[in-house]
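Encoded as structure tokens, the structure appears first; notes follow it.
The values are calculated or read from the model by the stated rules, or taken from the named source; none is laboratory data. In this text, all values refer to a predicted model and were calculated from it rather than measured experimentally. Methodologically, a virtual Cβ is constructed for each residue, glycine included, from the backbone with ideal geometry; neighbour enumeration extends over all protein chains shown.
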Amino acid sequence: MARKKLSTTIYIEPEQQERLKVLHERTKVPIAVYIREGIDLVLAKYVHLLPGQPSLLDDNAGPSSQHPNAPQTKGK
């Protein structure tokens, strides 16, 4: 059984919309699937900033993945 999905509004650049549209036309995969996949990639990249225990096997759990707009801590 499929998991329930929540509706949200996002704003993307016109070029992103056009490229997603072309990708959809070529693959027949819905654009929403690509957006969810992109969100998963970002969450994996910044897992070290999320609550909980990051996996020891997660290559993206290090501080080198710090987002440029994330608040900086003193002493770093």
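Does segment 1-19 hold any residues that are part of a loop (DSSP other than H, G, I, E, B) and either loosely packed, with under 11 Cβ neighbours inside 10 Å or of a type in the set (S, T, N, Q) (or both), and which are they?
Scanning segment 1-19 gives M1, A2, R3, K4, K5, L6, S7, T8, T9, I10, Y11, E13.
Out of the residues in segment 20-76 that are among the acidic types (D, E) and part of a helix (DSSP H, G or I), state the one that is modelled with the lowest pLDDT.
Looking at residues that are among the acidic types (D, E) and part of a helix (DSSP H, G or I), I get D59.
Consider Q17 carefully, then state whether it is of a type outside the set (A, V, I, L, M) and either modelled with pLDDT of 65 or more or touching a strand residue (DSSP E or B) at 6+ places or on another chain (Cβ under 6 Å) (or both).
Taking the combined requirement at face value, the residue satisfies it.
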